[in-house]
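Participant: Handing you a structure now.
The values are calculated or read from the model by the stated rules, or taken from the named source; none is laboratory data. Bear in mind that the values here come from a model prediction, so they are computed numbers and not experimental data. In this analysis, Cβ positions are derived from the backbone assuming ideal geometry, glycine residues included, and neighbour counts consider all displayed protein chains. Only protein heavy atoms, including side chains, enter the accessible area calculation; ligands, DNA and RNA are left aside. Shrake-Rupley method; radii C 1.70, N 1.55, O 1.52, S 1.80 Å.
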Amino acid sequence: ASLAILVVGAIACFRRPPLRQKGRVRALIMVVLVIGIGMTPFPYPSSREHEPSQVRFELPVEGPWKVYWGGDDREANRYAGFFADRRWALALVREVDGATHAGDGAALLDYHAYGQPVLAPAGGRVVVAVGDVPDHPPGERGSREARYGNHLAIEVAEGEYLFLCHLQEGSLTVGVGDPVAPGQPLA
């Protein structure tokens with residue numbers, strides 16, 4: 001809607017003599033370009049762009065799960081173009097008979113992923129552990145201050161960190177400073 005209003009406004013402005021003055025047309029074109037480019041998400045650059053990790057990672061779950069969003073391009077991962085801190089994020093879901101939840105999905109317990117163990121994808125040391133953020137009902141957004149919900153950050157190599165986010169409230173089994181082994185239950 002805002003783009004349509006911008007286009008209609010630009011056309012109306014071109015029809016009126018004050019805008020058709022030499023400097024004003026260029027200024028309007030620049031404004032339209034800046035707004036258009038600003039609305040287009042681009043993958044955020046990373047200092048590790050072409051340096052794959054030497055750490056071998058496993059998925060943090062057991063059994064069959066589906067990667068709902070993942071990868072480093074917008075088509076496979078909506079996070080890649082919008083959030084620098086989630087550039088290589090994976091959103092995992094658990095399906096049973098093709099559905100991610102039972103019933104109408106109005107309660108957390110309806111979701112097949114809820115309450116499932118989360119395992120360490122690699123060995124390392126816990127550097128951040130937040131486990132007291134209240135779980136939100138499905139479809140409700142959390143606050144900006146707690147945008148990761150309950151989460152762990154694990155240093156898996158010097159200067160290389162792995163984040164496990166949106167964990168169940170009160171489920172963390174490790175704390176800051178604890179070493180973790182690959183496959184160890186964490187939440």
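Participant: If PRO45 meets every condition in (1) open to solvent by 90 Å² or more (accessible area, probe 1.4 Å); (2) at pLDDT 65 or above apart from one, which number is that one?
Facilitator: (2)
Participant: Given the condition among the hydroxyl-bearing types (Ser, Thr, Tyr) and assigned to a loop (DSSP other than H, G, I, E, B), answer yes or no: does some residue in the stretch 164-176 qualify?
Facilitator: Within the stretch 164-176, one or more residues are among the hydroxyl-bearing types (Ser, Thr, Tyr) and assigned to a loop (DSSP other than H, G, I, E, B).
Participant: Output the number of the condition that ARG125 fails; it satisfies all remaining conditions of (1) open to solvent by 50 Å² or more (accessible area, probe 1.4 Å); (2) in a loop (DSSP other than H, G, I, E, B).
Facilitator: Status for ARG125: all satisfied but (2).
Participant: Sticking with this one: Taking only pairs six or more apart or across chains, which ones have beta-carbon atoms under 9 Å, a first residue in the stretch 96-109 that is more than 19 Å from LYS66 (Cβ to Cβ), and a second residue that is at pLDDT below 90 and open to solvent by 60 Å² or more (accessible area, probe 1.4 Å)?
Facilitator: So the pair list comes out as ALA106/PRO137; ALA106/GLY139; ALA107/PRO137.
Participant: Tell me whether the stretch 72-79 contains one or more residues that are at pLDDT 70 or above, within 30 Å of LEU119 (Cα to Cα) and out of contact with any helix residue (DSSP H, G or I) (no Cβ under 9 Å at 6 or more places or on another chain).
Facilitator: The answer is yes; a qualifying residue exists.
Participant: Under 7 Å between Cβ atoms, which residue pairs at least 6 apart in sequence (or on different chains) link something in the stretch 121-148 that is under 23 Å from LEU162 (Cβ atoms) with a partner that is among the β-branched types (Val, Ile, Thr) and at pLDDT below 95?
Facilitator: These pairs meet every condition: ALA122/VAL55; ALA146/VAL133.
Participant: Working only within the stretch 158-183, note down all residues that are open to solvent by 20 Å² or more (accessible area, probe 1.4 Å), touching a residue at least 12 places away in the same chain (Cβ under 8 Å), more than 26 Å from HIS136 (Cα to Cα) and more than 22 Å from the chain's Cα centre (by Cα).
Facilitator: GLY177, ASP178, PRO179, ALA181, PRO182, GLY183
Participant: Restricting attention to the stretch 131-148, and to residues there that are at pLDDT 85 or above and charged (D, E, K, R), which single residue is least open to solvent (accessible area, probe 1.4 Å)?
Facilitator: ASP135
Participant: Give the residue that is surrounded by the most Cβ atoms within 10 Å (Cβ to Cβ), with candidates limited to residues of the stretch 99-116 that are hydrophobic (A, V, I, L, M, F, W, C) and outside any helix (DSSP H, G or I).
Facilitator: Looking at the filtered set, the residue picked out is ALA113.
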